[in-house]
1. A:V111 - would you say it is surrounded by 18 or more Cβ atoms within 10 Å (Cβ to Cβ) and at pLDDT 95 or above?
2. All but one of (1) more than 14 Å from every other protein chain (Cβ to nearest Cβ); (2) under 21 Å from B:V45 (Cβ atoms); (3) open to solvent by 20 Å² or more (accessible area, probe 1.4 Å); (4) not small (G, A, S) hold for B:T137, so report the exception by its number.
3. Applying the selection to the stretch A:74-93, what residues are open to solvent by 20 Å² or more (accessible area, probe 1.4 Å) and either aliphatic (A, V, I, L, M) or in a strand (DSSP E or B) (or both)?
4. Among the residues of the stretch B:53-92, which ones are under 13 Å from the mean Cα position of the chain (by Cα), of a type in the set (V, I, T) and within 23 Å of B:V136 (Cα to Cα)?
5. Looking at the stretch B:168-192, which of the residues that are free of Cβ contacts under 8 Å to residues at least 40 places away in the same chain and open to solvent by 10 Å² or more (accessible area, probe 1.4 Å) is farthest from the other protein chains (Cβ to nearest Cβ)?
6. Condition test on B:S155, is it farther than 30 Å from B:L64 by Cβ, of a type in the set (S, T, Y) and in contact (Cβ under 8 Å) with a residue 40 or more places away in the chain?
7. So which residues in the stretch B:38-52 are under 13 Å from the mean Cα position of the chain (by Cα) and either open to solvent by 40 Å² or more (accessible area, probe 1.4 Å) or under 24 Å from B:A206 (Cα atoms) (or both)?
8. Pairs, please: C-beta under 6 Å, at least 6 apart or cross-chain, first residue within 13 Å of A:S12 (Cβ to Cβ) and in the stretch A:37-63, second of a type in the set (D, E, K, R) and surrounded by fewer than 22 Cβ atoms within 10 Å (Cβ to Cβ)?
There are 2 protein chains.
Amino acid sequence: MANSKLKFILASTSPRRKELIGHLKVPFEIMSLNIPEESDFTDPVKFSQEISNLKGEAVFNKLLAENPSGSYYVVSADTIVCLNGKIYGKPKDRNEARVFLSELAGKTHSVFTAVSVNVLYEGKKHFFSFVDETKVTFNHISDALMERYLDTGDSLDKAGAYGIQGGSLTFISKVEGDYANVVGFPISRFVLESEKFLKTQFPQEALWLNLF
Amino acid sequence: MANSKLKFILASTSPRRKELIGHLKVPFEIMSLNIPEESDFTDPVKFSQEISNLKGEAVFNKLLAENPSGSYYVVSADTIVCLNGKIYGKPKDRNEARVFLSELAGKTHSVFTAVSVNVLYEGKKHFFSFVDETKVTFNHISDALMERYLDTGDSLDKAGAYGIQGGSLTFISKVEGDYANVVGFPISRFVLESEKFLKTQFPQEALWLNLF
């Protein structure tokens, strides 16, 4: 590990992604650039993938311009909520959060997180990405529970107006798939995909993360 | 709510249950007695139910002896992990935690949380309980990931030697069912079951929790 050339960069300022990746106990740095989270795609997989790619490329290109002989493993991600073809990003205020949650109440929606990995290694660029889907079912949300949840302010910086790790658990009845994916980063699949990528592309670096 | 006679008591010292119930934003008190977590049942539903009942009854009987004219809503719970008929409680040390996790690795196990509610209302005892099951799938766990997780100490006070809200997410690939149930308390179902119970038994108290 000490001899690895690769530097692990998380291209996201999300404290939840930072915490999830922190569980790996692998050194990493955070570097993020402001990217408008907009896409013309209506397909949720393509939508999240495009935004995740844009976030990753911005950081990757900056690193490449500054130090073209370095070696980087730049990881970016984007999480969206989708129900009946409608894509839910972050609500703009409490009223929109209430609208989002009312639409999701009593139904099962999908959470998609796209992960993009841009790699520079010995002057050559590599790339891989994947999208993970988890289904989440909400109970009916009473007005009282709704307002108590909105009071926490937890909705405002999160896709679909909820964070699964907090008060929304009072009305979430079911998760089907990776839980961490709903938090914002499918960490267990990231370990498997990184293992596959490293062992295939850079067997000499497969021990880099010291995880497999 | 101000006029309610009922006092909400959580008969558990688990900080995770306290946090989950805290999301309801309803006042409650914690009162717990040490009960040996043992049962002769081999069926996981009956096993968890017996221990949850014992925890609740101990607190309920103490309250009843101290103040037989009071009104209480005593909530207790017990969480166990089960795979192939074997019931996993809390590991006794790091070595046993490693054994538990190695047995669960690469497989899907069940987490059962039993919830018991003992109620004293106008001198009369009422009771209801339910058990919630969630399936959790682990990836293969590499030696490196295993030791890093054991290093966190997260295993020691938890059934099955893991807490789903921490570093175990690096090897958990799937959840099917209520996530909060795996944390230790199926809070969304507790809301629904309490609503049903209160509306049927004490319509005059149905607004007590101010939740429905």
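The values are calculated or read from the model by the stated rules, or taken from the named source; none is laboratory data. Note that the coordinates shown come from a computational prediction; the quantities given were computed from them, not determined experimentally. Cβ atoms come from the backbone with ideal geometry, glycine included; neighbour counts cover every protein chain shown. SASA here: full protein model, heavy atoms, side chains in, ligands and nucleic acids out. Shrake-Rupley method; radii C 1.70, N 1.55, O 1.52, S 1.80 Å.
1. Numbers: surrounded by 18 or more Cβ atoms within 10 Å (Cβ to Cβ): yes; at pLDDT 95 or above: yes.
When the stated conditions are applied, A:V111 passes them.
2. (1)
3. If we filter the stretch A:74-93 for residues that are open to solvent by 20 Å² or more (accessible area, probe 1.4 Å), which is where we start, we get A:79, A:84-87, A:89-90, A:92-93.
If the condition is that a residue be open to solvent by 20 Å² or more (accessible area, probe 1.4 Å) and either aliphatic (A, V, I, L, M) or in a strand (DSSP E or B) (or both), then A:T79, A:K86, A:I87 are the ones that fit.
4. B:T79, B:I80, B:V81
5. Among those residues, the one meeting the criterion is B:L192.
6. The answer is yes for B:S155.
7. Scanning the stretch B:38-52 gives B:V45, B:Q49, B:E50.
8. Sorted first by the residue in the stretch A:37-63, then by its partner, the pairs are A:I51/A:E37.
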